[in-house]
Every structure is written in structure tokens, then in C-alpha cells.
1. Using modelled backbone amide H atoms (1.01 Å from N, in-plane), which distant-in-sequence or interchain residues come within less than 5 Å of residue 103's amide H?
2. Give me the distance in nm between label points sitting 7 Å out from Cα along the Cα-to-Cβ direction at residue 161 and residue 121, one decimal.
3. Taking amide H atoms as placed 1.01 Å from N in the peptide plane, list the residues 5 or more away in sequence, or in a different chain, whose amide H sits under 5 Å from that of residue 97.
4. Given the pairs 52/87; 87/198; 52/205, which span a C-alpha to C-alpha distance of over 29 angstrom in this model?
5. Could you order peptides 180-186, 89-95, 166-172 by the average number of other Cβ atoms within 10 Å of their residues, highest first?
Amino acid sequence: PLIDYVPRYFLPGRPSPLNLNDDYKNEVVINIGTPMTKTLFSMSRVQSFIKKTLQSSVNTSVFRTTWHSHCFHSVFQPSEFIKPYLKPYLQFFDKHNMIGIQIRMKGNMTEWEEKPFYMTRELVEAQFDTIESLLEQDPNAAIYLASDSKSMEELIMNRFSKRVITAGKLPIMHTGRYTNEAGALRNYMDLYLLARCKTLFLTSKCSFSKL
């Protein structure tokens, strides 16, 4: 399982202390948005685990270069709660050759306030001919769109009409800032479904593209 800890989340958490080993019996990945590494590594149990797991610099090197293949696919498996939301999309994906488009605008075109820009409308439109060509070559192709901007979503929908699907009415929210269960669900679905597309157009500086 993945435990995502961000102090400003409004998602309900555990109201009382827990024994991590009892509640999470298998491998656990903890994503922490604050610098807690020093505190964690000062704990005797953590130090003992590291000594047993990484017995030499060779093991450390292997883990650093292969963590993605070892951890990523097991961490991001859908839970029983999320599977019903994914099911109709996966059924659609099985019948189409999917093109994934992920547009991370940032700046004043997002649904929240951010100063720096990742992308501009002109850069997005510059890819339209390539996308159009892919759709013309394959009548069975369709687009899955993930974006942080309603205006970009409307732009793509208007250009490619009925061949575009999105995460529907789930809200567009920044999971590293203020979010809720629906916003977190949309972000997970976007990441999971983009990974199942055969062709991808990604925003290079965005964390989604790095994953």
C-alpha cells in the first residue's frame, strides 16, 4: 500500500495511534511532503531494518537503479474502493487504441493559483496536427485527457469532439495542496489510465511524466 502524508490534506486519517506492522502487513511506501528523513532514520527500528536490508553498498546501488521496477507497479495497484470507478474506463480501453494526453499548465490557467508556467496554449496547439494524424491513421483510436485546466480540457474536447474521454465530473484539484477524496481519486485515475495508453503526450516538467 501507499501512505500519502501531507499536513494540509483534508482527507480523513487515522484518529488514534496504530501499530503499522499490524495494519499494513506487506511492503509499505510512505510519501511524505515534508522533510522527515532525519527523524525517521534516527529511529532504532529503521536503522535495524536498513542494516538488514542494505547489507552492502552493492545492494544500495542496485536498489537506487531499480526501485521503479521493484516498487512502482505494486504500489499503484487499485484498491477495491477504486476498481468500480476504473472498470468502465478499462472496458473502453480494451476496445480502443488509446492516446494519452496530459497537460499540466500551472500559471493562471489552472483551477488553483500558481505562478510559474509549465505549458502554454500555443505549445498545446502545436501538437494538434500530430494527434490528428494518429486519429486519422486509426479509426479505432481514442484520447484519454488529463489536465489541470478546464479551458485546456474544453479546447481539446472541441477540437477532437467525441473521441476524447476524461475522468468525468470528478473535480480537478492539486493533491499536494488542498484536496478531498474526489480530487485525490481523479488524480489517481488520471495517473493509472495514462499508464495504459499506447501513445503519450506529456508535460515534461510534471511529476506525472516522470512516473
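1. Residues meeting the criterion, in which the H sits 1.01 Å from N, are 146, 147, 148.
2. For the pair residue 161/residue 121, the computed spacing is 2.2 nm.
3. Amide H to amide H, under 5 Å and 5 or more residues apart or across chains, residue 97 pairs with 141, 142.
4. Numbers: 52/87 40 Å; 87/198 18 Å; 52/205 36 Å.
With Cα atoms farther than 29 Å apart: 52/87; 52/205.
5. On the way: 180-186: 16.9, 89-95: 13.0, 166-172: 15.3.
In descending order of packing, they fall as 180-186, 166-172, 89-95.
Bear in mind these aren't lab numbers, they're just calculated from the coordinates by the rules spelled out. Computed from a predicted structure; not experimentally measured. For neighbour counting, all protein chains shown are included, and Cβ atoms are generated from backbone atoms with ideal geometry for every residue, glycine included.
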